[in-house]
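The values are calculated or read from the model by the stated rules, or taken from the named source; none is laboratory data. Since this is a predicted model, take the numbers as computed values, not measurements. A quick note on method: Cβ atoms are made from the backbone with ideal geometry, for glycine too, and the neighbour counts reach across all protein chains shown.
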Amino acid sequence: MNTQQRGNFAIGVLLLLVGGWFLAAQLYPPLNEIIQIEYAWPVWVIGVGVTFLLLAILARVPGLAVPAAIITGIGALLYYQNQTGDFASWAYAWTLIPGFVGVGVFLASLLEGRIAYGFKEMLRMLFFSAVMFGICGSFLGGPAYLSDYWPVLLIVIGVWILGRGLLNPRTSAAPAPEAPPGKNKVVEVVEMDEDTDWEEVKEE
């Protein structure tokens, strides 16, 4: 069973378990008293994300770690908003999703044994997410300190761009290698007159 087949199998099992639980809760209502969904529904979202992560580990499908991180992160945001009633924060809280993607890429790379690559990608995505959160939050009703210090974000972005340019200068393109002798083709265009209508190709 290859990676794609294992991933499909794991997702199928997850859907069967979730669907079976809700069907049983409908047929036998006392099961709803085990978990008060009206109060703890974001916990279900977090639980789905954690389940995806477990499937990524147990079924050896690293790619499932990315949706696991996204779902878990969104579930955490929903839990905060459900507890505080601050649903208006979605105006800028969505900018945290790229950071969740970065965490997922790191977890997937960790399972694949590419730790350095995953860590680099996670830092890049977290930085981008933090900058977007700061900019959007400063104009769309985020915490007060963001609106006071948003110019600092522009300075940070400028330093980051300059740092990348200085630390990773582009190398000039290497000259194209010369073709081995005897392989060049010289195309001579012969001046055409009334009696000629052809090109002479001479191999050296």
When you look at Trp90, is it under 30 Å from Ser138 (Cβ atoms), in contact with a Cys (Cβ under 9 Å, 6 or more places away or on another chain) and surrounded by fewer than 20 Cβ atoms within 10 Å (Cβ to Cβ), yes or no? no
Within the range 61-86, can you find the residues that are crowded, with 19+ Cβ neighbours inside 10 Å and in contact (Cβ under 8 Å) with a residue 40 or more places away in the chain? Val61, Pro62, Leu64, Ala65, Val66
Residue match in the range 93-103 (condition: crowded, with 17+ Cβ neighbours inside 10 Å, assigned to a helix (DSSP H, G or I), modelled with pLDDT under 85 and of a type in the set (Gly, Ala, Ser)): no
